[in-house]
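Asker: Below is a structure I'd like to ask you about.
The values are calculated or read from the model by the stated rules, or taken from the named source; none is laboratory data. Because the structure is predicted, anything quoted here is derived from the model rather than measured. Every residue, glycine among them, receives a Cβ derived from its backbone with ideal geometry; neighbour counts consider all protein chains shown. Side chains are part of the model used for accessible areas, which takes the heavy atoms of the whole protein and leaves out ligands, DNA and RNA. Shrake-Rupley method; radii C 1.70, N 1.55, O 1.52, S 1.80 Å.
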Amino acid sequence: MLSAQQDRLARAGLSAALEAGIAILNAGGPSLDAVEAAVRVLEDDPQFNAGRGSAMTAEGRVECDAAIMDGSNRRAGAVAGVRSTRNPIVLARAVMEQSPHVFLAGSGADAFARAKGIEDADPEWFETPERRRQLDELLANPDAPFDLGMKYGTVGAVARDLSGHVAAATSTGGLTGKKWGRVGDSPLIGAGTYADDRAGAISCTGAGEYFIRLGVAHEIAAITRLLGEDMLAAADGLIAELSSLGGKGGVIVAPAHGISGWAFNTPGMYRGRADSGGMRQVAIYADE
């Protein structure tokens with residue numbers, strides 16, 4: 001359970017991200033711009049595990065992953081193990097639009113960011129006392145279960161614009177205490193991030209190893225597109241399958257047709273949604 005202050009700050013961050021995205025959509029802007037803007041807000045907010053405030057590795061440093069995908073043409077960009085780029089989602093979009101590649105990793109990804117003039121930041125900017133405390137707690141319990149490091153999850157955004165195009169963006173600091181260059185589902189197109197105008201957009205959070213094994217994001221899109229199933233129902237089905245394998249987490253979805261929403265199997269998930277009609281919803285716990 002969050003403290004009253006943590007609850008207030010998290011909801012404020014979610015609301016700010018929603019407003020950043022919906023402002024672009026209401027002005028007729030593209031969904032790709034909207035999801036990038038929303039995720040940038042969350043990357044800059046230390047309450048969330050992405051960008052500033054990312055979880056720390058076992059070595060006590062930050063390694064960020066991010067991905068973005070345009071549903072209109074299925075172009076995508078992704079980065080993993082980024083250490084000095086302030087907004088990994090901006091770098092992921094640059095990989096998509098300014099390189100012939102989809103996925104860059106480690107020091108090469110940061111070097112590409114510098115070559116493109118993307119803003120960097122010192123390690124001290126990313127690191128927060130709370131994330132250091134979480135790492136110390138984990139290192140003091142070497143026999144703790146693997147998922148202890150997953151208390152604070154990925155951030156993501158999905159959107160459908162006035163032209164009917166969808167986009168998805170995901171960003172994370174990964175697991176607290178992660179080792180050996182571990183990479184989860186967030187930057188993997190089809191596992192943690194996917195967008196296709198023929199179905200919708202999906203962003204995932206949770207136990208990345210399970211999302212990778214199931215190809216959750218693409219699977220939801222494929223079921224929607226090929227079987228004609230409602231995307232929220234498809235999301236519920238994939239989360240049920242995730243549960244059957246022992247995985248925990250959730251997804252947010254923006255269907256090509258229909259209402260956006262989510263599915264998750266945890267006691268709570270930071271989430272929010274907005275539309276051009278003025279609807280705004282922010283929630284944290286499962287019973288909201």
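Asker: Can you pull the accessible area of Ser243 for me, 1.4 Å probe, Å² to the nearest 10?
Answerer: Approximately 60 Å² of Ser243 is accessible to the 1.4 Å probe.
Asker: Using each residue's phi in the range 23-30, evaluate 6.51 cos²θ - 1.76 cosθ + 1.60 at θ = phi - 60° and report the 3J(HN,Hα) Karplus result to the nearest Hz, with x for Gly and Pro.
Answerer: Using θ = phi - 60°, the values come out as 4, 5, 5, 5, 8, x, x, x Hz.
Asker: Let me ask something else. Pop out the carbon and sulfur fraction of the accessible area of the chain as a percent, whole number, probe 1.4 Å. Intermediate values should be presented prior to the final figure.
Answerer: Working: 6390 of 12270 Å².
Roughly 52 percent of what the probe reaches on the chain is carbon or sulfur.
Asker: Of all alpha-carbon pairs in the range 133-260, indicate the percentage at a distance above 22 angstrom.
Answerer: Cα-Cα pairs in the range 133-260 separated by more than 22 Å: 36 percent.
Asker: Summing +1 for each Lys or Arg and -1 for each Asp or Glu, what net charge is found among the other residues whose Cβ lies under 15 Å from the Cβ of Ala234?
Answerer: Summing Lys/Arg as +1 and Asp/Glu as -1 gives -4.
Asker: Report the full-extension gain for the segment Asp143 to His101: residue separation times 0.36 nm, less the Cα-Cα distance, to one decimal in nm.
Answerer: Details: separation 42, 0.36 × 42 = 15.12 nm, distance 3.95 nm.
Full extension of this stretch gives 11.2 nm more.
Asker: Given a 1.4 angstrom probe, what's the average accessible area per residue across the chain, in square angstrom?
Answerer: 43
Asker: Could I ask something else about it? If we sort 10-22, 68-80 on the protection proxy, mean other Cβ atoms within 10 Å, highest first, what's the order?
Answerer: Per-residue Cβ counts within 10 Å, averaged per peptide and sorted highest first, yield 68-80, 10-22.
Asker: Using the basic label-point model (7 angstrom from Cα toward the beta carbon), what is the Arg213 to Asp136 distance in nanometres?
Answerer: 3.5
Asker: Another question, then. What does the net charge come to around Phe264 if you take all other residues with beta carbon closer than 9 Å to its beta carbon, with K and R at +1 and D and E at -1?
Answerer: Numbers: positive: Lys248, Arg271; negative: none.
Value of the local net charge: +2.
Asker: Per residue of the range 222-236, in order, report the coupling 6.51 cos²θ - 1.76 cosθ + 1.60 (Karplus, θ = phi - 60°) as ³J(HN,Hα) in whole Hz, putting x for Gly and Pro.
Answerer: 5, 4, 5, 6, 8, 9, x, 7, 4, 5, 5, 5, 4, 5, 4
Asker: Another question about this same structure. Could you pull out every one of the aspartates and glutamates with an alpha carbon less than 17 Å from that of Lys178, ignoring same-chain neighbours closer than 8 positions?
Answerer: Straight-distance partners of Lys178: Glu59, Glu63, Asp65, Glu127, Glu130, Asp136, Glu137, Asp143, Asp147, Glu209.
Asker: Moving on to the next point. At 1.4 Å probe size, with no ligands or nucleic acids counted, give the accessible surface of Lys248 in Å², nearest ten.
Answerer: 110
Asker: Highest first, please rank the peptides 181-189, 265-273 by the mean number of other Cβ atoms sitting within 10 Å of their residues.
Answerer: 181-189, 265-273
Asker: First check a/c for the range 23-110, with a ≥ b ≥ c the square roots of the eigenvalues of its C-alpha gyration tensor; if it is under 1.5, answer rounded, and if not, answer prolate when a/b is larger than b/c or oblate otherwise.
Answerer: oblate
Asker: Within the range 238-272, name every residue whose backbone N is under 16 Å away from a label modeled 7 Å from Cα of Arg74 along the Cβ vector.
Answerer: 256
Asker: Lys116 to Asp230: FRET efficiency via 1/(1 + (r/R0)^6), r the Cβ-Cβ distance, R0 51 Å, to the nearest 0.05?
Answerer: 0.80
Asker: Right, next: Report relative contact order for the range 1-103 in percent, whole number only (criteria: Cα-Cα under 8 Å, sequence separation at least 6).
Answerer: Relative contact order, the range 1-103: 18 percent.
Asker: So, one more: Just one of [x] 18.4; [y] 19.1; [z] 19.7 is Kirkwood radius over Cα pairs in Å as worked out from the coordinates here. Which one is it?
Answerer: Step by step, Kirkwood radius over Cα pairs in Å for this structure corresponds to label [x].
Asker: Quick one: if you stick a label point 7 Å off each Cα along the C-beta vector at His257 and Arg8, how many nm between them?
Answerer: Those two pseudo-labels are separated by 4.6 nm.
Asker: Taking the Cα-to-Cβ direction at Lys179 and at Leu245 and moving 7 Å from each Cα, how far apart do the two end points lie in nm?
Answerer: So the label points at Lys179 and Leu245 sit 2.3 nm apart.
Asker: What shape does the range 89-136 have by the C-alpha gyration tensor, where a ≥ b ≥ c are the square roots of the eigenvalues, rounded means a/c under 1.5, and otherwise prolate means a/b greater than b/c and oblate the rest? Could you put the intermediate results ahead of the total?
Answerer: On the way: a/c = 3.04, a/b = 2.31, b/c = 1.32.
The shape class here is prolate.
Asker: Could you tell me which of rounded, prolate or oblate describes the range 60-156, using a ≥ b ≥ c as the square roots of the eigenvalues of the alpha-carbon gyration tensor, with rounded for a/c under 1.5 and, failing that, prolate when a/b is larger than b/c and oblate otherwise? Please report the intermediate quantities before stating the final value.
Answerer: On the way: a/c = 2.79, a/b = 1.78, b/c = 1.57.
Note, shape of the range 60-156 comes out prolate.
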